[in-house]
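Report on one structure; see the data block that follows.
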Amino acid sequence: MKKFVSVFLLFAMGLSFAGCSSSSSDDTFVVGFDAEFPPMGFIDDDGSYTGFDLDLAEEAASRMGKTFVAQPIAWDSKDQELASGNIDCIWNGFTISGRESSYEWTEAYMENDQVVVVMSDSDIASLSDLSGKTVVVQKDSSGLAALEESAELTNSFAELIQVDTYLNAMMELESGAVDAIVMDEIVARYEISTSGKDMKVLDEAVAGEEYGVGFLLGNTELRDEVQKTLEEMAADGTMAEISNKWFGADVTIIGK
């Protein structure tokens, strides 16, 4: 009986290890993204995931011979998702500045600013006008990081509120619960233009930044493969084509 149990356990362990081996050789490319971050990644009217970054990622996956999987994540849980292996990378308007040593990064493929969004009839016209105002920002975002680096500006606010998504932030602004949002310019201008929201972007930016694709520290092999693929996409015009689809111009910077 003991011999039978031992043989059974060894057999079960073998199946377990075989399963692990199969998983580690999986040819999927799982991209973590914020599903409420248009135009970089979001849910389309038909319920599908779409966006500029997702189009780039899907094309990259195809060229690498991998099956593309768009995996929506809670933005403030992105590090846990990456560390657990639930996703292969974070690709969603992901700012390099301030995170240089926290991830393996591709080279920047796009530039962006952190800007202030207010209602069109607001008397806020510059950063100095935010003194005594209530400002909202997304949790664990580049906007929050920019404000943390600008202590004098942030300390002048009456209150800084953090919400889960920028779509919620825009709802707070429309309702009059807050006076301004600090957020990505790319996202702000896209959302205002496509939704017709009665909002405007201030000319004065809080901070400049660059977008890259972030991988778990040590995963240089996949990072290098994606970097090489992005360079190929830039060289043959595919990256510019995808950019024109979403922005009406080539706003990418790889190879330029």
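Rule-based calculations on the coordinates, nothing more; no lab input. Everything numeric in this text was worked out from a predicted model, so none of it was measured. Quick reminder, even Gly has a Cβ in these numbers, built from the backbone with ideal geometry, and neighbours come from all protein chains shown.
To one decimal place, what orientation-averaged projected area in nm² is obtained for the convex hull of the Cα set of the chain?
Average of the hull's projected areas for the chain equals 17.7 nm².
Given DSSP loops and a limit of at most 16 other Cβ atoms within 10 Å, what is the longest stretch of the chain that contains no such GluC sites (Glu not before Pro)?
Here the longest segment lacking exposed loop sites spans 1-99.
Output the 0 to 90 degree angle, nearest 10, between the alpha-carbon long axis of helix 52-63 and the longest principal axis computed from the alpha carbons of the chain.
30
Report, to the nearest 10°, how far helix 166-175 tilts away from the longest principal axis of the Cα atoms in the chain, using its own Cα long axis and a range of 0 to 90°.
30
Evaluate the stretch 27-120: find the radius of gyration of its Cα atoms, find its Kirkwood radius, and give the ratio Rg to Rh.
For the stretch 27-120, the value is 0.98.
In nm, give the distance between the simple-model label positions of residue 126 and residue 221, each being 7 Å from the Cα along the Cα-to-Cβ direction.
Going from the residue 126 label point to the residue 221 one covers 5.5 nm.
So what's the gap between the Cα centers of the stretch 223-252 and the stretch 99-132, to the nearest angstrom?
So the two Cα centres are separated by 24 Å.
What's the Cα-based Rg to Rh of the stretch 113-208, Rh via Kirkwood?
0.91
Per DSSP H run of at least 4 residues, take -39500 (n - 2.57); add these up for the chain, divide by its residues and hand me the 222 nm value, nearest 500 deg cm²/dmol.
Value at 222 nm, helices only: -12000 deg cm²/dmol.
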